[in-house]
1. When averaged across all projection directions, what area in nm² does the alpha-carbon convex hull of the chain cover?
2. Taking only complete DSSP H runs, can you tell me which helices of the chain stretch 15 Å or more along their own long axis by Cα positions and average at least 0.0 on the Kyte-Doolittle scale?
3. So, counting K/R as plus one and D/E as minus one, what does the shell of residues with Cβ under 15 Å around residue 37 add up to?
4. In this model, which of 7/133; 67/114; 60/133; 62/108; 60/124; 62/133 are farther than 27 Å apart at the alpha-carbon?
5. Once each part is reduced to its C-alpha centroid, what is the distance from the stretch 62-136 to the stretch 1-25 in angstrom?
6. What distance in nm separates the two pseudo spin-label positions at residue 74 and residue 113, each 7 Å out from Cα along the beta-carbon direction?
7. With n ≥ 4 as the cut-off for DSSP H runs, can you work out [θ] at 222 nm for the chain, using -39500 (n - 2.57) per run divided by the number of residues, rounded to the nearest 500?
8. Give me the one-decimal nm value for the distance between modelled label points at residue 128 and residue 48, 7 Å along each residue's Cα-to-Cβ direction.
Amino acid sequence: MEEVYFKEDYLTLYYNRQNKTARAVWNGFLSGETLRHAIEQCNQLLDEEKPTNWLADNRKMKAIRQKDQVWIQANMIPKIVASSLRKMATLVSEDIFNRMAIENLFVKANDLIKFDHQYFKNEKAATQWLEEKHSIPS
């Protein structure tokens, strides 16, 4: 069963202990301290609960400023790389500038990321993909 881990207007974090899945539902334009606080909540969930799956619902998230992208790259990317994550599904934003920012962050971190990541437009498809067994390379 999914429980609310953190809730503000700009981010609601859910966690399902049964299937070790976190879901982050982003909303609106975040920058500066608000964005940093939201990322810190995500990092705290990673530390405390050790999820294996993450669903980033960015559909209602707006553009991310360049300086905030730099901060995310320095403060969140290393955290998710070292985390328990095995799969991450991203529901793409309706905002073209957010899509470009998120894709740019993943491109820059591509060599570091050791978990499967895919983009989706449909929440059901993203959830189904996360629920599939993770294939371990032989």
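1. The directionally averaged projection comes out at 7.9 nm².
2. 96-109
3. Every neighbour counted, the sum reads -2.
4. In this structure, 7/133; 60/133; 62/133 lie more than 27 Å apart at Cα.
5. 16 Å
6. 2.2 nm
7. Numbers: 5 runs with 56 residues, N = 138.
-12500 deg cm²/dmol, from helical runs alone.
8. Here the modelled spin labels are 3.3 nm apart.
The numbers here are math on the coordinates, done by the rules we state, and not lab data. Keep in mind the model is a prediction, meaning the values are calculated, not measured. Here Cβ is always computed from backbone atoms with ideal geometry, including for glycine, and neighbour counts include all displayed protein chains.
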